[in-house]
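Enquirer: Mind having a look at this structure? Questions to follow.
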Amino acid sequence: MKSMPKTLALVACIAIGLGGANSGRAQEYPNKPIRMVIPVAPGGITDAIGRIFAESVSKIIGQQVVVDNRPGGNGSIGANIVAKASPDGYVICWCHSAPIVLHHLQQPDIPYDPETDLLPITRIYDLDLFLAALPSTASSLDEFIKLAKSKPGELSFGSTGVGGALHLGGVLMSNELGIQLSHVAYPGEAPLINDLLGGRLPVGILSTAAAIRLSKSGEVALLTSLSANRTPTLPDVPTLVERGYPDVKVGTWIGVFAPAKTPEPVARKLIAAFENVLSDESVKEKLLAAGVTPVNGSVGQDFKAFLTDEVAKWKGVLTLVPAR
């Protein structure tokens, strides 16, 4: 690691001033392996990047970070394990946005409350989303809007599942653009892409990795990004925010969480370790190559404020979704 970023410098300065029992506890931690729950099955991009961080954090923190894959419930099973764990920093979650924000809004009976049972440590990366079509269907956003308005309710968009960020992002986008699209849910991105390329699906919402691959080959036209900012690996694709739709800021993300009531010095050690990994240029390159955008400095209270905004945003979007 070449230099200490501003976030790490701030963490270090605060930690120096703690003193007393808190400093002693921070110095003792960790004295055994840390279990990092990843609430997806092994083999996907979430798991692969999580393992990169687990290995790197192990070297920084002086104890092994052991990956524990706990798939199921679209992430809620793994998140619940961490929410119910002892708040000592030895069980943490590598969580995506669904079990932290969306599940609680749509399923109030899940056995944990993300706001009160989990402590935000740091946001690691964002996964941007793109609206894509066959070039023969539409080669630009304006062309697609014109097409959709000429056939209200006749066109559909595809996403991976019901109630997730891709589905709800498509609903928000349609509402903001003043067009009527029906939703087609797919069990994964591969079948969605098959229908999109086969002409059976007018438009689909794609991950960055799929968007890069299919646009480079010329198989699809990327009509717009649904994310807040342009994606570094697809800098020529404008956002809807740029086009005058400031409320369309949709994407998914990965963050690290600990059980609520984890001691502040322990949380700061975790923040420092993960932010140290994020400051490594080689790690940033790996993230960008995987189609995700690394995030630096979204830690602690800043991360919590981000989550508050996420909850408010998705609450509003859910009012647009017809009751199922």
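The values are calculated or read from the model by the stated rules, or taken from the named source; none is laboratory data. What you are looking at is a predicted structure, and each value in this text was computed from that prediction instead of being measured. A quick note on method: Cβ atoms are made from the backbone with ideal geometry, for glycine too, and the neighbour counts reach across all protein chains shown.
Enquirer: Out of VAL256, VAL299, VAL295, report the one residue that is in contact with a Phe, Trp or Tyr (Cβ under 7 Å, 6 or more places away or on another chain), in the same structural domain as MET36 (by TED's automatic domain parsing) and either buried (at least 22 other Cβ atoms within 10 Å of the Cβ) or at positive phi (or both).
Expert: The conditions single out VAL256.
Enquirer: Next question. Scan the range 100-122 for residues that are within 21 Å of ARG35 (Cα to Cα) and touching a Leu at 6+ places or on another chain (Cβ under 9 Å) and jot them down.
Expert: ILE100, TYR112, PRO114, PRO120, ILE121, THR122, listed by residue number.
Enquirer: Looking only at the range 139-161, which residues are of a type in the set (Gly, Ala, Ser) and not in a strand (DSSP E or B)?
Expert: As a first pass, look at the range 139-161 and keep what is of a type in the set (Gly, Ala, Ser): 139-140, 148, 150, 153, 156, 158-159, 161.
Residues satisfying the conditions are SER139, SER140, ALA148, SER150, GLY153, GLY161.
Enquirer: Assuming ALA190 fulfils every condition listed in (1) exposed (fewer than 14 other Cβ atoms within 10 Å of the Cβ); (2) assigned to a loop (DSSP other than H, G, I, E, B) apart from one, which condition is it?
Expert: (2)
Enquirer: Of everything in the range 243-273 that's among the hydrophobic types (A, V, I, L, M, F, W, C) and within 24 Å of LEU129 (Cβ to Cβ), which residue is farthest from the chain's Cα centre (by Cα)? Let's see the steps before the verdict.
Expert: Residues of the range 243-273 among the hydrophobic types (A, V, I, L, M, F, W, C): 248, 250, 253-254, 256-258, 260, 266-267, 270-273.
Filter once more, keeping what is within 24 Å of LEU129 (Cβ to Cβ): 248, 250, 253-254, 256-257.
Values: VAL248: 16, VAL250: 10, TRP253: 1, ILE254: 4, VAL256: 11, PHE257: 13 Å.
For the range 243-273, the residue satisfying everything is VAL248.
Enquirer: In the range 312-323, is there at least one residue being within 15 Å of the chain's Cα centre (by Cα), of a type outside the set (Phe, Trp, Tyr), surrounded by fewer than 21 Cβ atoms within 10 Å (Cβ to Cβ) and not in a helix (DSSP H, G or I)? Let's see the steps before the verdict.
Expert: First, pick out the residues of the range 312-323 that are within 15 Å of the chain's Cα centre (by Cα): 313-314.
When the remaining residues are screened for being of a type outside the set (Phe, Trp, Tyr), the result is 313.
Imposing the further condition that a residue be surrounded by fewer than 21 Cβ atoms within 10 Å (Cβ to Cβ) reduces the set to 313.
Those left that are additionally not in a helix (DSSP H, G or I): none.
No: zero hits.
Enquirer: Determine which member of the set ILE77, ILE81, ILE145 is in contact with a Cys (Cβ under 9 Å, 6 or more places away or on another chain) and either over 23 Å from GLY297 (Cβ atoms) or in contact (Cβ under 8 Å) with a residue 12 or more places away in the chain (or both).
Expert: Numbers: ILE77 fails: in contact with a Cys (Cβ under 9 Å, 6 or more places away or on another chain); ILE145 fails: in contact with a Cys (Cβ under 9 Å, 6 or more places away or on another chain).
Being in contact with a Cys (Cβ under 9 Å, 6 or more places away or on another chain) and either over 23 Å from GLY297 (Cβ atoms) or in contact (Cβ under 8 Å) with a residue 12 or more places away in the chain (or both) holds for just one of ILE77, ILE81, ILE145, which is ILE81.
Enquirer: Test GLY218 against the stated conditions and say whether it is at pLDDT 95 or above and on the phi > 0 side of the Ramachandran plot. First the steps, then the outcome.
Expert: Details: at pLDDT 95 or above: yes; on the phi > 0 side of the Ramachandran plot: yes.
Yes: the conditions hold for GLY218.
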